[in-house]
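Asker: Okay, handing you the structure first.
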Amino acid sequence: MSDPAAPTEPTDPTGPQAPAAPTDPLPPPPGGVLWTLAGDIRGLLLLPAAFTLQVAHPAVGAGVDEHSVFRTDPWGRGERSLRSLQLWIYGGEAAAEEGRRLRRLHRGIQGTDTHGRPYHALDPATYAWVHATGFPVYHHGARYFIRPLTEAQERRLYAEWLQVGRILGIRDQDMPQTIEEFWPYYRRIVADELEATPVVRDLVDPHQKLPPPDRGPMPLRLLLTALWPWIMPRYVRLRSFLTAGLMPPDARDALGLTWTDRQERTLRRFARVVRIVVPVLPERLRYLPLAREARRRERLSRSGRRAR
């Protein structure tokens, strides 16, 4: 349900900020695994699979179906969600305030799922699942677009993911605290609770209609609008392909998503190109804006410490 759909804007980490309360959790440290992964543009390729895994939970799917604007404002919804995610990791003292904003936003999200069961967005188990889905998708996607994580990196990534969960207000008792506890928890939910909800079916539909992007510089928007009849079906097919391909295989099977050996070979070829091209891009193209600014601040901080 992680959908900052309301017009309230996320906190701007570059502007003046009130001092964080002493008990506010801090984002993962610079130089960590998540710091490296989340700001790289390759992370954008993983987001459709992560979102689809979230909404495959009936309670989350119902909340998004009834309360989200992802159908009527897909580009705005995506922009707000991405900025929010970046704030959790690169926002410094603004991260905890963004976590509180999201909890306020979700307080009124409740209803009944397709099985007639009541749900609330802030139910601890449901809210924890929304956050938990990012870890297996990052873990799986890194094998394609970066490199397989070592055991030490996997453990560090999970510890950092738990830290982000604390920023979102998720209690330690609601999330497995170790890798050894996480995978049985994840497999149980995949096997027992996930299903192809109406939102999942929309997201993996290769024929879904999307409006042209309404964000970015006006000349680019005009160009995309003119070319959208040609671009849109290709973009939607690519999104559907990446959603299924980057979904962890056990979750993909649980949702009944088709994935053939031929598709796997195509994904591996595509990933090979991405692994070659992205690392040689200049920083302004390789990293998302908040990540790029955070990296700049960290370099200045290191230079200042060395100069002392």
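The values are calculated or read from the model by the stated rules, or taken from the named source; none is laboratory data. Worth saying up front: this structure is predicted, and the values here are computed from it rather than measured. Please note: Cβ atoms are built from the backbone with ideal geometry, for glycine as well, and neighbour counts cover all protein chains shown. Areas reflect the complete protein model, heavy atoms only, side chains present, ligands, DNA and RNA absent. Shrake-Rupley method; radii C 1.70, N 1.55, O 1.52, S 1.80 Å.
Asker: Working carefully through the options 44, 102, 53, find the one that is surrounded by fewer than 17 Cβ atoms within 10 Å (Cβ to Cβ) and in a helix (DSSP H, G or I). Step through it out loud before you land on a result.
Answerer: On the way: 102 fails: surrounded by fewer than 17 Cβ atoms within 10 Å (Cβ to Cβ); 53 fails: surrounded by fewer than 17 Cβ atoms within 10 Å (Cβ to Cβ).
Residue meeting the stated conditions: 44.
Asker: Would a scan of the stretch 6-18 turn up a residue that is at pLDDT 90 or above and either open to solvent by 50 Å² or more (accessible area, probe 1.4 Å) or part of a loop (DSSP other than H, G, I, E, B) (or both)? Walk me through it before giving the result.
Answerer: Within the stretch 6-18, the first condition is being at pLDDT 90 or above, and the residues that meet it are none.
Checked against the condition, which is being at pLDDT 90 or above and either open to solvent by 50 Å² or more (accessible area, probe 1.4 Å) or part of a loop (DSSP other than H, G, I, E, B) (or both), the stretch 6-18 yields no hits at all.
Asker: Same structure, new question: Has the stretch 264-282 got any residue that is open to solvent by less than 50 Å² (accessible area, probe 1.4 Å) and at positive phi?
Answerer: No, there is no match, as no residue in the stretch 264-282 is open to solvent by less than 50 Å² (accessible area, probe 1.4 Å) and at positive phi.
Asker: Select from the stretch 211-231 the residues that are out of contact with any Lys or Arg (no Cβ under 9 Å at 6 or more places or on another chain) and either under 17 Å from residue 69 (Cα atoms) or in contact (Cβ under 8 Å) with a residue 40 or more places away in the chain (or both) and list them in ascending order. Give the derivation first.
Answerer: Here is the first cut: in the stretch 211-231, the ones out of contact with any Lys or Arg (no Cβ under 9 Å at 6 or more places or on another chain) are 211, 216-220, 222-231.
Result: 211, single match.
Residue by residue, here is whether (1) of a type in the set (A, V, I, L, M, F, W, C); (2) over 17 Å from the mean Cα position of the chain (by Cα); (3) on the phi < 0 side of the Ramachandran plot holds:
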| site | (1), (2), (3) |
| --- | --- |
| 124 | no, yes, yes |
| 141 | no, no, yes |
| 167 | yes, no, yes |
| 171 | no, yes, yes |
| 195 | no, yes, yes |
| 199 | yes, no, yes |
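Asker: Consider residue 184 carefully, then state whether it is assigned to a loop (DSSP other than H, G, I, E, B) and modelled with pLDDT of 95 or more.
Answerer: no
Asker: Hand me the list of helices (runs of 4 or more DSSP H) wholly inside the stretch 190-308 holding 2 or more residues that are β-branched (Val, Ile, Thr) and in contact with a Ser or Thr (Cβ under 9 Å, 6 or more places away or on another chain). Write out each step before concluding.
Answerer: Numbers: elements: 198-203, 218-245, 249-254, 261-277, 283-286, 289-307.
Where helices (runs of 4 or more DSSP H) fall fully within the stretch 190-308 and carry at least 2 residues being β-branched (Val, Ile, Thr) and in contact with a Ser or Thr (Cβ under 9 Å, 6 or more places away or on another chain), they are 198-203.
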